[in-house]
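Every number here is computed from the coordinates shown, using simple stated rules; none is lab data. All values derive from a computational prediction rather than experimental measurement. FYI the Cβ positions are ideal-geometry reconstructions off the backbone, even for glycines, and counts take in every protein chain you see.
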Amino acid sequence: MYKVVIGLEVHCELKTKSKNFSSAPNTFSTFPNSNVAAVDLGLPGILPVVNKEACRKALLTAMALNCQNPDEVIFDRKNYFYPDLPKGYQITQVTKPMGVNGYLDVLVGDKIKRVKIHQLHLEEDTASLEHHPKYSLIDYNRSGIPLIEIVTEPCIESGEEAVAFLEDLRDVFLFLGVSEAKSNYGQMRCDVNISLMEEGSTKLGTKVEMKNINAFNNVKVAIEYEIKRQSALLDKGEKIIQETRRIAEDGKTYSMREKVDAIDYKYFIEPNIPSTPLRHEYLEELRSSLPELKLDRYLKYINKYNIGKSDAKVLAKVRSISDYFEEVLSYGSDVSLAVNFVTTSILSTLNKLEISVDELFISPKMLSEVIEYVYQGKISLDHGKKILYKAIEEKIDPIELIKKENLKQINDEDELLELIKKVMDDNLEQVRQYIEEDNKHVINFFIGQTMKVSNRQANPNKSLELIKCELERRKTDGK
Amino acid sequence: MYRGKNITKIRELLDKKVITKEEVFEKATSLAHYFQDEYNSFVTILDKVKIKDSDSLLSGIPYALKDNFSTRGILTTASSNILKDYVPVYDATVYKKLKKAGATLVGKTVLDELAMGGTGTTAHTGVVRNPWDKERMIGGSSAGSAACVALGIVPFAIGSDTGDSVRKPAGFGGIVGFKPTYGRISRYGLFAFASSLDHVAICSRNVRDAALVTDILKGQDPLDMVTLKSENVKYVDTLNDDIKGKKLFYIKEVCGKDFYKDTNDLVLKKVITTFHDMLDKCRDKGFIIEEVSIDMDLLTALYPAYMCISCAEATSNNANLTGIQFGPRGVGNTIEEIIFNARTEGFSELIKRRFVLGSYILQKENQEKLYLNACRVRRLIVDKITELFEEYDGMIAPCSGGVAPTFDSRSEKLSARYLILENHMVMGNFGGFPSITIPYTMIDKLPVGLNITGRVKDDALILNIAQKIEELTGLKDIYAKVGEIDV
């Protein structure tokens with residue numbers, strides 16, 4: 001058996017109006033070379049102008065990942081020749097990344113795994129290349145899009161952990177609103193470094209790199225294949241070659257190139273961008289804008305609100321839903337009713353209508369009012385949900401609906417008893433079954449009938465009690 | 001009627017309607033064509049111009065632009081084969097501002113290839129000759145810009161100055177060369193040589209014109225992050241301020257009288273003597289001028305430090321010249337071959353040598369010793385000069401130890417003393433100090449310049465001092481009166 005050591009390098013495109021160093025729009029376009037400024041083409045004489053919003057988002061993400069921020073923002077040049085890099089260098093951060101020495105706690109199964117973050121830095125994306133048999137095409141739309149790179153320490157031990165980390169990291173991006181992180185658009189990409197070491201050894205094995213994996217599931221597949229491949233080689237006493245591999249559609253990895261010598265990128269500080277000191281107040285302001293993240297919300301839900309784990313997971317997963325849920329609670333709503341309404345009615349409605357919770361007609365305030373009616377027993381849960389659906393459909397305040405349709409519950413016991421007696425008189429066979437055969441199932445039958453006859457206005461709890469009493473009375477009387 | 005006139009005089013002719021803007025442009029271009037074969041100032045001479053209506057002082061004033069400023073639709077070669085057919089798609093900020101002011105572009109001027117070099121002999125279109133003596137260099141890299149002003153073709157030209165690329169040829173050409181504080185003028189659209197040292201600079205025939213043009217060009221540019229905040233002053237307004245009591249220093253190890261008393265170089269001797277005569281005249285005028293001494297080791301390190309930093313930055317800045325996005329496409333089967341061949345054919349040996357040097361200097365194993373040490377030397381020198389500027393208003397020195405060199409002068413004067421005297425103006429680039437060259441004497445009918453360098457952001461004072469000294473030289477508005485043409 002070998003110990004698996006995995007480090008990840010995650011690239012994520014930031015959501016900003018313009019590119020990182022030019023005024024060209026940062027939007028996804030399928031029309032090649034349509035979002036391009038002179039700066040993105042690396043034409044002679046161009047100069048970079050730093051996108052403040054990209055810096056803010058990178059710093060915010062670094063904070064969310066518990067990193068230390070630098071005292072100033074500066075950039076470095078990474079020099080190398082490649083057709084997707086029009087300037088012949090990439091503006092990136094080596095000397096002072098936006099964040100260092102952080103971590104992200106990730107829920108793997110039932111346990112919390114702390115993934116250490118080596119650094120987070122801001123850089124620019126390259127152009128994209130399209131290769132044909134006899135030629136290649138360059139699309140500069142991607143050239144210069146702000147990109148953050150997050151480098152973990154080699155502390156991940158399985159494909160499952162890697163995927164859990166990537167999913168949680170994506171949720172961090174989404175919670176912060178810094179990126180849409182769509183891996184199918186290549187907005188989030190991952191390089192995997194993996195090596196195996198002998199159990200008990202302290203010496204790291206030879207590292208194999210797998211570049212630019214978009215789909216998270218492929219990360220898992222690639223890791224698992226590599227563990228198998230490398231284990232088999234080591235078992236045979238063979239050496240692992242330090243190389244870059246790629247994952248193919250068959251789920252296997254193939255060698256791309258051997259790494260003879262690491263490339264010397266001849267870094268130096270970008271002279272066209274003056275250093276910007278990061279004031280303490282600015283950083284504190286930024287820090288105070290950090291939202292509570294997924295894991296913290298999840299833990300709060302199960303520990304403070306006693307919500308079941310699966311519901312807690314669902315509620316904490318998407319920030320807008322979690323925010324919605326918490327706002328409902330902020331009006332003093334009953335927790336279990338709020339969980340029930342949000343995880344069923346609200347989520348199913350969102351799915352059905354394919355809208356986000358922000359577009360939903362029912363505001364948290366409205367929902368909390370409906371919940372209050374149910375909680376006070378003025379309407380049944382079932383009824384509450386029906387009203388909610390109707391309110392969404394007709395875009396009417398649910399409370400108005402309750403009032404308008406006079407759907408108030410019958411709580412008056414005399415009135416209820418009269419109803420129940422009538423129902424029983426109409427169904428003497430069922431009464432007989434209760435008295436003579438001691439058949440308790442008929443209770444449900446009578447509740448159903450009472451609800452039906454009352455136009456679903458009968459208070460179900462009170463009706464239940466009254467039905468039981470009336471049946472017992474008739475049983476005693478009958479004897 | 002037109003040739004050799006300064007901006008103010010041409011303005012007068014235009015305002016009094018003695019001549020039209022179109023006629024002025026025609027005269028300038030005819031001069032440009034007339035001198036082109038002999039002196040080779042231009043890569044491109046324009047044949048038509050759209051003159052923007054403007055009430056600027058520069059409206060209708062012809063000028064030339066170094067061929068490393070991006071001009072939309074006008075060939076811009078940086079005097080290199082790798083850009084020999086390059087037509088930019090955008091305008092440099094400097095060009096935009098001049099266009100807006102209504103100044104008329106006569107042509108794009110020859111430079112040392114990619115602005116790297118100080119001779120004016122390395123352009124892909126051939127050598128530039130000194131108007132005062134065709135057998136001599138004008139110096140570079142802004143060779144064409146200096147030459148066309150020295151010939152009286154245009155009253156001013158724009159150049160770029162990374163080491164002394166405007167101030168040196170200005171000295172050899174008998175004209176004014178002014179490099180304002182780093183960040184005063186936007187570099188957007190100037191083809192980068194060494195970004196931390198590159199300045200936009202102005203060639204003119206008097207200090208006032210240099211101030212006039214700087215007033216138009218200066219100001220913060222959102223496209224160049226290192227530009228300084230715009231100030232609401234005009235340099236031309238303070239040119240005549242009283243300079244009584246202004247303190248200047250010269251560095252003993254650069255131009256001290258005693259420092260050169262044993263030299264056999266007669267021209268050098270003359271330069272030093274006439275320079276000190278000029279200092280005396282300045283003293284009579286009210287300047288206080290003193291000698292200071294600076295650690296010789298520091299001064300000796302100037303040129304090597306400059307080479308390290310500029311070559312390192314140049315390697316990176318010119319990495320876009322691959323023939324992939326623009327420029328002649330190299331042949332080859334792999335991308336490496338294509339880039340390799342384009343660059344092998346596109347650059348001259350001199351440029352390749354600088355790139356190899358720069359690459360070597362930046363390599364991981366050399367960076368600490370070469371690049372970072374050079375940066376330290378730069379900081380030490382700048383700190384030292386800045387410290388002196390606490391007491392003094394400016395530093396003064398001759399531009400060179402001699403007159404313009406001949407083309408066949410192969411004398412590799414590599415003595416420490418020579419290296420300092422020939423390269424001290426790079427201090428202005430290291431610190432981003434405002435720095436101006438003006439002619440102060442003629443030796444063997446050839447002009448010699450002196451240089452004044454001042455505190456960062458003190459551009460107005462340096463121009464003021466230079467104008468006062470200009471009054472003492474009797475060499476204001478001179479140009480080389482060669483050629484049989486009267487326009």
> How far is it, in nm, from the label point at A:Lys3 to the one at B:Lys481 when both lie 7 Å from their Cα along the line to the Cβ?
Replying inline: 9.0 nm
> Over segment A:413-478, one equal point on each Cα, no solvent: what is log10 I(q)/I(0) by the Debye formula at q = 0.26 Å⁻¹?
Replying inline: -1.17
> Okay, which of segment A:1-23 sit inside 17 Å, backbone N to the point 7 Å along the Cα-Cβ direction of A:Glu157?
Replying inline: A:1-8
> How large, in Å, is segment B:267-328 by the Kirkwood hydrodynamic radius built from its alpha-carbon pairs?
Replying inline: 16.2 Å
>> Can you list residues from other chains, or at least 5 along the same chain, whose modelled amide H is less than 5 Å from the amide H of A:Val108?
In response: A:Lys113
> So what's the gap between the Cα centers of segment B:57-93 and segment A:83-136, to the nearest angstrom?
Replying inline: 38 Å
> Straight-line reach from A:Lys475: which lysines have Cα under 16 Å away, leaving out those fewer than 8 places along the same chain?
Replying inline: A:Lys421, A:Lys440
> How big, on average over all directions, is the shadow cast by the Cα convex hull of segment A:89-194, in nm²?
Replying inline: 8.6 nm²
>> Counting pairwise Cα distances across chain B, what percent come out greater than 40 angstrom?
In response: 15 percent
> Principal axis lengths of segment A:293-404 from Cα atoms, whole Å, largest first?
Replying inline: 42, 31, 19
>> What are the ³J(HN,Hα) couplings of segment B:385-394, residue after residue, when phi is run through the Karplus curve with 6.51, -1.76, 1.60 and θ = phi - 60°? Round to Hz, x for glycine and proline.
In response: 5, 4, 4, 5, 5, 5, 9, 10, 8, x
> Which values of log₁₀ I(q)/I(0), to two decimal places, follow from the Debye formula for segment A:1-149 at q = 0.11 Å⁻¹ with a uniform point scatterer at every Cα?
Replying inline: -0.49
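Per DSSP helix of 4 or more residues, -39500 (n - 2.57); summed, then divided by the residues of chain B. What does that give at 222 nm, rounded to the nearest 500?
Working: 17 runs with 186 residues, N = 487.
Calculated mean residue ellipticity at 222 nm is -11500 deg cm²/dmol.
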> So how strong a dipole does the protein assembly as shown carry about its Cα centre when Lys and Arg Cβ are +1 and Asp and Glu Cβ are -1, to the nearest 20 debye?
Replying inline: 1640 debye
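Sort A:Ser255, B:Ser54, A:Ser195 so that the residue with the fewest other Cβ atoms within 10 Å of its own Cβ comes first and the one with the most comes last. The partial results should precede the final answer.
Working: A:Ser255 11, B:Ser54 14, A:Ser195 21.
Fewest to most other Cβ atoms nearby, the residues stand as A:Ser255, B:Ser54, A:Ser195.
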> When N is the residue count of segment A:59-141, what does its C-alpha Rg come to as a fraction of 2.2 N^0.38 Å?
Replying inline: 1.49
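Quick one: if the Förster radius is 35 Å, what FRET efficiency do B:Asp237 and A:Ser275 give, using the C-beta to C-beta distance and rounding to 0.05? Display every interim value, and only then the final one.
Details: r = 34 Å, r/R0 = 0.96.
Efficiency computed from Cβ-Cβ geometry: 0.55.
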>> Counting just the Cα atoms, what span does chain A cover along each of its three principal axes? Round to the nearest Å and put the largest first.
In response: 100, 56, 49
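Please go through the residue pairs A:Lys78/B:Lys369; B:Lys27/B:Lys97; B:Lys48/B:Lys229; A:Lys19/B:Lys369; B:Lys99/B:Lys234 and name each one whose alpha carbons sit more than 25 Å apart in this structure. Show your work: numbers first, answer last.
Values: A:Lys78/B:Lys369 19 Å; B:Lys27/B:Lys97 23 Å; B:Lys48/B:Lys229 35 Å; A:Lys19/B:Lys369 36 Å; B:Lys99/B:Lys234 19 Å.
Flagged as over cut-off: B:Lys48/B:Lys229; A:Lys19/B:Lys369.
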>> When a/c reaches 1.5 or more, the comparison of a/b and b/c decides; with that in mind, is segment A:241-292 rounded, prolate or oblate per its Cα gyration tensor?
In response: oblate
> For segment A:320-479, what is the convex hull volume of its Cα atoms per residue in Å³?
Replying inline: 121 Å³
> For the protein assembly as shown, max minus min Cα coordinate along each principal axis, in Å, sorted largest first?
Replying inline: 144, 78, 56
> For A:Ile117, which sequence-distant residues (separation of 5 or more, or a different chain) have an amide H within less than 5 Å of its own amide H, given hydrogens modelled in the peptide plane?
Replying inline: A:Gly102, A:Tyr103, A:Leu104, A:Glu153
>> Need one value for B:87-93: mean number of C-beta atoms belonging to other chains within 10 Å of its residues' C-beta atoms.
In response: 3
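Charges at C-beta only: +1 for Lys and Arg, -1 for Asp and Glu. How large is the resulting dipole of segment A:413-478 about its Cα centre, in Debye rounded to 20? Intermediate values should be presented prior to the final figure.
Details: 11 positive and 14 negative charges, 44 e Å.
Computed about the Cα centre, the dipole is about 220 debye.
Order of B:Phe407, B:Phe156, B:Phe430 from fewest to most other C-beta atoms within 10 Å?
Details: B:Phe407 15, B:Phe156 28, B:Phe430 23.
By the 10 Å Cβ count, ascending: B:Phe407, B:Phe430, B:Phe156.
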> How would you rank B:Lys27, A:Lys378, going from fewest to most other Cβ atoms within 10 Å of each one's own Cβ?
Replying inline: A:Lys378, B:Lys27
>> Using only the Cα atoms of segment A:70-118, what semi-axes does the equivalent ellipsoid have when each is the square root of 5 times a gyration tensor eigenvalue? Give whole Å, largest first.
In response: 33, 16, 6
> In peptide A:80-90, how many Cβ atoms from other protein chains are near each Cβ within 10 Å, on average?
Replying inline: 5
> Can you flag which of A:Lys3/A:Lys239; B:Lys96/B:Lys481; B:Lys179/B:Lys476; B:Lys17/B:Lys52; A:Lys52/A:Lys266 are past 20 Å Cα-Cα?
Replying inline: B:Lys96/B:Lys481; A:Lys52/A:Lys266
>> Using each residue's phi in segment A:73-78, evaluate 6.51 cos²θ - 1.76 cosθ + 1.60 at θ = phi - 60° and report the 3J(HN,Hα) Karplus result to the nearest Hz, with x for Gly and Pro.
In response: 9, 9, 10, 10, 9, 10
> Applying the Karplus parametrisation 6.51 cos²θ - 1.76 cosθ + 1.60 with θ = phi - 60° to the phi angles of segment B:342-352, what ³J(HN,Hα) value in whole Hz is obtained for each residue in order, glycine and proline being reported as x?
Replying inline: 4, 6, 5, 7, x, 10, 7, 4, 4, 5, 4
> Near the amide H of B:Ile443, under 5 Å away, which other amide H atoms are found, from residues 5 or more places off or on another chain, if H is placed in the peptide plane?
Replying inline: B:Val448
> What's the Kirkwood radius of segment A:19-71 in Å, using all Cα pairs?
Replying inline: 13.0 Å
> Could you give P(r) for segment A:2-281, binned at 5 Å from zero, as whole percent values over all Cα-Cα pairs?
Replying inline: 1, 5, 11, 16, 18, 17, 14, 10, 5, 2, 1, 0
> For chain A, what does -39500 (n - 2.57) per DSSP helix run (n ≥ 4), summed and divided by total residues, give at 222 nm, in deg cm²/dmol to the nearest 500?
Replying inline: -12500 deg cm²/dmol
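Relative to the compact-globule scaling 2.2 N^0.38 Å, provide the ratio for the alpha-carbon radius of gyration of segment B:349-487. Numbers along the way, then the final one.
Working: Rg = 18.9 Å, N = 139, 2.2 N^0.38 = 14.3 Å.
The reported ratio for this selection is 1.32.
Using only C-alpha atoms and all pairs of different ones, pull out the Kirkwood radius for segment B:299-377 in Å with one decimal.
Values: mean 1/r = 0.0740 Å⁻¹.
It is 13.5 Å.
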